[in-house]
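Data first, discussion second: the structure below is written as structure tokens.
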Amino acid sequence: MSRLARALAALVLGLMVWTGAALAQDTAIAIDYDAWTGLANRAEEVVEAGRASDEAFETLRAELAGWRDRFLVAQEASLPRIATLQAQLDALGPVPETGPEPQEISDRRRELAEQLSRLRAPVQRAEEAYTRADGLIGAIDALIRARQTDALLTLGPSPLNPAHWAAAYDDLASSLRRSWQELTRNAASPALQAEARVNLPVILLQLGLGIMLLARGQGWARAAVSRLRGRTRRGMGVWRFLASLGQILLPLGGIYALSAAAFDTGMIGPRWTLLLEQVPFWAGVLLGIRWLADQAFHPNDDIAALPLAAEDRAEARRWANGLAVLFVAKDVLEALIRFDSYPHETVAVANFPLLVLSGYLLFRLGRVRNAAAMAGTAAATLPDAGQFRLRFARLMGRAAMIVGVAGPVMAAIGYAGAGEALVYPAIETLALIGLVLILQQLLNALYHLFTGQHPDEDETLLPVLAGFLLTLAALPFLALIWGARVADLTELWTTFREGFVIGETRFSPSDLLVVIVVFVVGYMLTRLLQGALRTSVLPKTRIDQGGQNAIVSGVGYVGMFAAAVIAITAGGLDLSSLAIVAGALSVGIGFGLQNIVSNFVSGIILLIERPISEGDWIEVGGLHGIVKNISVRSTRIETFDRYDVIIPNADFVSGQVSNYTRGNVLGRIVVPVGVAYGSDTRKVEKILLDIARQHDMVLMNPAPAVDFVGFGADSLDFRIRAVLRDINYGLSVRTEMRHQIVERFAEAGIEIPFAQRDVWLRNPEALAGLMTAPRAAEPEGGGEEGGAGDAAAKGGQTT
């Protein structure tokens, strides 16, 4: 049986062990310590001797593990009652150091102490027995691991030694000859021939059915997949996947029919029975690996699990199909080796060619190009589509190339166990990875079937989480493939069930589950309460929007804190045991987290005092913007340039903040205006006042005003002061007023001046001399340039 089959059987056994432990925990049967002592003594003798087989050790370990589970249940059975009695004793208080204690209290204390002692006795005995069982299990595991290591690192006969070839050939030929002789001897038996004639109709029917399914089954399945591929109805990937399983099931049904026909002839002896009983399994492995290769490297882009080029997928299918044949051939050879008990030299020589071919095909499969998605495919149009899968495929390809070389080399030296432990588990690992990728595609198709959205387009997290859980579920299979024992996995599960200790409290997985469930329920209730407040309760009050947001945020923080406290308490974790952790955390806050705590406290102050609210126009640190969100650590504002700025809340509490729309949106604008000297100032004032009064956004109470500010260097300065109904329109109002000012001043002939300067020159005669002096010197400088230019012009003639 192959490693993959052993992995499946091991997982089933592990589930049975886990189920038995759960049932033992539920029933809590009384423990027979005499029987346990006898088993423990026998186990100590066997471990000390160290001569038992691996199967015997595994059986003994399973018995010890069952007792250990019962001891663990016994330890936890009386814990609630012990905790109650201890709480009752604590309620009575300590014994007085001086003076007599009341007789009633003393009697009650003694009674509770006796009850507590009686309850603790079986718990302590169970703890001692648990420790002994755990130690024996650890010793057995150490022995088995040491044997496995020795088997891998033992130097055996080299298959390259020609002295072993003749004996290996004779052994293999003898096996084939005995198989053929058994078949011919049974076929010549008159009794068996008579039995075959009686069963002939059934045999012919089974032969016909088997041949038909083998010859046409895969073709029918591929035709069904092709028909479904042309459909566009949602969830079609699910039905296409189910139809593709016919490539395994239909030919496998044909194999079963042919095997049944062979058995019905009555001519199958012990040797052929051993082989034929495993033929359906070998056919299933062969068909399964071929199906995995076909799905992972399918010619159609929408079915292939890896976005490779078409020629690369075709090459990968060829190498994968070859590995499937060699993998099954290795298992057939192992069956012959077990039946005929070949010597080590024959085993090494017989296995080596299959190992070399498997390593070669594994190396070629690892060299398949997978650097980029195929042009023109959907994967190539998405920037990040398939990149993780391609990087992972490249990593697995490099590992396959290394293993494909290292395995045969080690087997050639003589380390056949180590070589086989590298190559064949690598093949099974690639098959497992392909299965995980295909099942992930099935999960995506199921999501599309039930939601109508494609996972890549919907960008939802649910298929990603499902794929993560699928990968976690494959880890036990991967461990079993690479040599882990079922006992190793059950030991991990036992350790997990035991939990961990925080302070004086044991925290088990069931407690963790209670914590998660209670917290999730509390979180959901908090969100429901927040939604009810936001949509149904607070809108009917007179609280402004900022106050409503503050109340909703406060309810959320209080609700999540309360949910966390209730969840921890419900899980049985004593909060007092976290006092040391809280003290250490306070020191860390004092030194390293003071800025974060300062921002957190400032956020609470902002939510309570509400100096700013969402939607306010504020200025902080010279930056203007609209408040978009206030959290406990920071506040997000959107500037008028449409980009977000995250400001720590401490800046709002310790710094200066201007809020232009706090309470209302009224605001004043000032528009400065300058007119030329000589203009009629009364007329200018009247025009400006009319412009301000006529604007729709300007309030009449308080009325707008025009001030004659002063006499400027270039103009007579005025300014318009007006209060707007909504200061958010201040920029557009100023722009409109300036347009009207230009138009009204032009109609009234009023000039808007600009800066002018008159330059007066003193002693212009001296300046005139200075201006003419460079002109007198210009011929010398110009002569050089002119000479150079003439020389350049004549250069063609002189040369």
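The values are calculated or read from the model by the stated rules, or taken from the named source; none is laboratory data. All values reported here derive from a predicted model rather than from experimental measurement. Virtual Cβ from ideal backbone geometry, glycine too; neighbours counted across all protein chains shown. The protein model used for the area step is the full one, side chains on, heavy atoms only, and it has no ligands, DNA or RNA in it. Shrake-Rupley method; radii C 1.70, N 1.55, O 1.52, S 1.80 Å.
Some points to look at:
- The set of residues in segment 298-312 that are closer than 14 Å to Val436 by Cα and either basic (Lys, Arg) or buried (at least 22 other Cβ atoms within 10 Å of the Cβ) (or both) comprises Ala304, Ala305.
- Against the conditions (1) out of contact with any Gly (no Cβ under 9 Å at 6 or more places or on another chain); (2) open to solvent by less than 30 Å² (accessible area, probe 1.4 Å); (3) modelled with pLDDT under 90, Ile618 satisfies every one except (1).
- The set of residues in segment 56-103 being open to solvent by 40 Å² or more (accessible area, probe 1.4 Å), over 48 Å from the mean Cα position of the chain (by Cα) and on the phi < 0 side of the Ramachandran plot consists of Ala91, Leu92, Pro94, Val95, Pro96, Glu97, Thr98, Pro100, Glu101, Pro102, Gln103.
- Residues in segment 134-164 that are within 36 Å of the chain's Cα centre (by Cα) and farther than 22 Å from Leu39 by Cβ: Arg145, Ala146, Gln148, Thr149, Leu152.
- For segment 659-690, filtering for residues that are in a strand (DSSP E or B) and either open to solvent by 40 Å² or more (accessible area, probe 1.4 Å) or among the acidic types (Asp, Glu) (or both) leaves 4.
- Between Ser553, Ser508, the distinction of being modelled with pLDDT under 85, closer than 21 Å to Val627 by Cα and touching a helix residue (DSSP H, G or I) at 6+ places or on another chain (Cβ under 8 Å) belongs to Ser553 only.
- Within segment 277-290, the set of residues being touching a Ser or Thr at 6+ places or on another chain (Cβ under 7 Å) and either open to solvent by less than 20 Å² (accessible area, probe 1.4 Å) or not in a helix (DSSP H, G or I) (or both) comprises Pro280 only.
- Considering segment 630-650, and only residues there that are assigned to a strand (DSSP E or B), in contact with a helix residue (DSSP H, G or I) (Cβ under 9 Å, 6 or more places away or on another chain) and not hydroxyl-bearing (Ser, Thr, Tyr), the residue that is surrounded by the fewest Cβ atoms within 10 Å (Cβ to Cβ) turns out to be Pro648.
- Each residue in segment 701-746 was checked for being among the β-branched types (Val, Ile, Thr), closer than 19 Å to Arg682 by Cβ, open to solvent by less than 70 Å² (accessible area, probe 1.4 Å) and free of Cβ contacts under 8 Å to residues at least 40 places away in the same chain, and 1 pass.
- Evaluating Leu274 against the criteria (1) closer than 25 Å to Val332 by Cβ; (2) at pLDDT 85 or above; (3) open to solvent by 40 Å² or more (accessible area, probe 1.4 Å) leaves one unmet condition, (2).
Every residue, every condition in (1) small (Gly, Ala, Ser); (2) in contact (Cβ under 8 Å) with a residue 12 or more places away in the chain; (3) open to solvent by less than 60 Å² (accessible area, probe 1.4 Å), yes or no:
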residue	(1), (2), (3)
Arg110	no, no, no
Gln124	no, no, no
Asp141	no, yes, yes
Ala146	yes, no, yes
Ala151	yes, yes, no
His164	no, yes, yes
Arg177	no, no, no
Glu182	no, yes, yes
Leu192	no, yes, yes
